[in-house]
Amino acid sequence: MLNKKQTRWAVEQIIVLYPNATPSLDARTPFQVAVSVLLSAQATDVSVNLATPALFAALPTPADFAAVTPEQVEPYIKSIGLYHNKAKHIVAMSQKLVNEFNGEMPTTMTELTSLPGIGRKSASVILGDAFGIPAFAVDTHITRIAKRLKIAQEKDSVLQIEKNITNALPKEQWIEGHHAMIYFGREVCSARNPQCLTCPLLEICAFGQHYVKQA
Ligand code: SF4
């Protein structure tokens, strides 16, 4: 396992590789960030970005979504996986925002995770991307990288991975670290074809060293 110092070094190398990594979901308001994040579960960001312009043009605010039925939302998001449940969650989330939060997105983890369809990972993305509040969302890319690099053990939960990284990295690097690791997972430490030979982390990565020997 990497210790805290090594973990911080590894994530900082990834930030150096992707210093300008930004969110890949298009959204203008905190509420639209939340809807986009909710839609992106088990779907590509590209498919979400294709659907949301028409959706947000028709229904821009929580009050607009709270006033319609899920069936009225579905035509806008039919191209995205699990659209049936997602439409239900977006309408329920909007109703709760209108009824309990004055139509505004809350800004704490506890309040965000009380909303229908919003789990810890989505709440972290909303905190970071919509409000710039330090949070570290762990997705499948970050899980894979953390386990290959031994930032976490194979059996560790996403919450444990989050703890290992946030305990090692200063708060002000959490948001950029999250985005940089996603880019790194897409382009370098990919699931099927990791670019270990040219990876700057090869020297501390037993998985990568083994992979290179076998190739
Ligand atoms: Fe991923 Fe390979 Fe780099 Fe290790 S050496 S972090 S497995 S790309």
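The values are calculated or read from the model by the stated rules, or taken from the named source; none is laboratory data. Since this is a predicted model, take the numbers as computed values, not measurements. Cβ: placed from backbone, ideal geometry, glycine included. Neighbour counts: every protein chain shown. In case anyone asks, the SASA skips ligands and DNA or RNA and just uses the protein heavy atoms, side chains included. Shrake-Rupley method; radii C 1.70, N 1.55, O 1.52, S 1.80 Å.
Numerical summary
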| quantity | calculated |
| --- | --- |
| Members of region 97-107 found to be touching a residue at least 12 places away in the same chain (Cβ under 8 Å) and over 16 Å from Ala67 (Cα atoms), listed by number | Met105, Thr107 |
| Residue that is nearest to the ligand (Cβ to nearest atom), among those in region 171-182 that are out of contact with any Ser or Thr (no Cβ under 9 Å at 6 or more places or on another chain) and not small (Gly, Ala, Ser) | Met181 |
| Segments classed as helices (runs of 4 or more DSSP H), wholly inside region 1-94, with at least 3 members that are of a type in the set (A, V, I, L, M) | 4-17, 30-39, 45-58 |
| Options Pro200, Pro194; residue that is near the ligand (Cβ under 10 Å from one of its atoms), open to solvent by 20 Å² or more (accessible area, probe 1.4 Å) and modelled with pLDDT of 95 or more | Pro200 |
| Filter result for the condition that a residue is of a type in the set (Asp, Glu) and within 17 Å of the chain's Cα centre (by Cα), over Glu176, Glu111, Glu104 | Glu176 |
| Qualifying residue in region 179-188 (condition: out of contact with any strand residue (DSSP E or B) (no Cβ under 9 Å at 6 or more places or on another chain), in the same structural domain as Leu149 (by TED's automatic domain parsing) and free of Cβ contacts under 8 Å to residues at least 40 places away in the same chain) | yes |
| Among residues of region 9-54, those that are touching a residue at least 24 places away in the same chain (Cβ under 8 Å), over 13 Å from Ala180 (Cα atoms) and of a type in the set (D, E, K, R), counted | 2 |
| The listed residue being at pLDDT 95 or above, open to solvent by less than 50 Å² (accessible area, probe 1.4 Å) and not hydroxyl-bearing (Ser, Thr, Tyr), out of Leu50, Leu59 | Leu59 |
| Test: residue in region 114-123 that is over 15 Å from the mean Cα position of the chain (by Cα), buried (at least 22 other Cβ atoms within 10 Å of the Cβ) and more than 16 Å from the ligand (Cβ to nearest atom) | yes |
| Selection count where residues are open to solvent by 40 Å² or more (accessible area, probe 1.4 Å) and either assigned to a loop (DSSP other than H, G, I, E, B) or of a type in the set (D, E, K, R) (or both), scope region 142-175 | 9 |
| Residue match in region 77-90 (condition: under 16 Å from Pro30 (Cα atoms) and of a type in the set (A, V, I, L, M)) | yes |
| Those residues of region 189-200 which are more than 18 Å from the chain's Cα centre (by Cα) and either of a type in the set (Lys, Arg) or under 20 Å from Val138 (Cβ atoms) (or both), in sequence order | Arg192, Pro194 |
